[in-house]
Every structure is written in C-alpha cells, then in structure tokens.
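See below for the structure under consideration.
Computed from the coordinates by the stated procedures, all read-outs in this text should not be read as laboratory data. As the structure is a computational prediction, the values presented were derived from the model and not from experiment. Virtual Cβ from ideal backbone geometry, glycine too; neighbours counted across all protein chains shown.
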Amino acid sequence: MRRNISSAGNSNGKKGLRERHKLMATEEKKRLKALHHMHCPKCGMDLIEVDYHHIKIDKCSECGGIWLDEGELETITRLTKPILGKFLKFFID
C-alpha cells in the first residue's frame with residue numbers, strides 16, 4: 001500500500017535527512033580526528049611537538065618524519081632565508 005505524501009511533508013523529510021547526514025558527517029569527522037590526531041601519516045606512530053624558532057612542528061617519534069601545519073613552511077622559510085643564504089654563499093664564492 002502506497003502512502004500519499006504531500007510536498008510539504010516530503011520537504012520536511014528531506015530537510016531532516018540532510019540534518020541527519022550533516023550530524024553523521026560531523027560525528028565521523030570527530031571520530032577520524034580522534035583516531036589520527038597527532039599520529040604520523042606515514043607510519044602511524046605518535047607525533048611529538050618540537051619547538052623550532054618558536055614554531056611548534058610535529059616530529060614522528062618513530063620514523064623521524066617532520067609534519068608542518070598550514071603556513072608553517074612559509075614562516076620557517078622567511079625566518080631561515082638569511083641563514084641559508086650565508087650558508088650557500090660559502091659554497092658559491
């Protein structure tokens with residue numbers, strides 16, 4: 001037996017479904033963050049925070065990989081450019 005659903009009822013159903021999907025996506029995002037937060041993307045071991053010129057970079061406790069958050073590479077490059085220039089000048093001149 002089929003039920004006749006009015007367009008208003010159907011709209012409320014779609015809205016409720018979208019809200020449930022949004023809630024599920026939010027919960028899944030939290031679950032994945034808890035599962036992967038501060039774990040090395042390469043080997044899965046714990047990441048430790050290392051202070052480099054007052055920038056907290058993440059270093060793997062197992063494989064030694066270095067992981068940077070958004071903008072940290074640009075900041076480090078800006079800070080170390082004079083040092084790198086002096087170092088490279090030693091080999092060029």
Practice item. Filter the cross-link list K56/K81; K42/K81; K29/K59 down to pairs whose alpha-carbon distance in this structure exceeds 25 Å. Key: K42/K81
Check your understanding: For region 37-72, which GluC sites (Glu not before Pro) are in a loop by DSSP, counting at most 16 other Cβ atoms within 10 Å?
Key -> E62, E70
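Among H54, H21, which comes first, then next, by fewest other beta-carbon atoms within 10 Å?
Ordered from fewest to most neighbouring Cβ atoms within 10 Å, H54, H21 come out as H54, H21.
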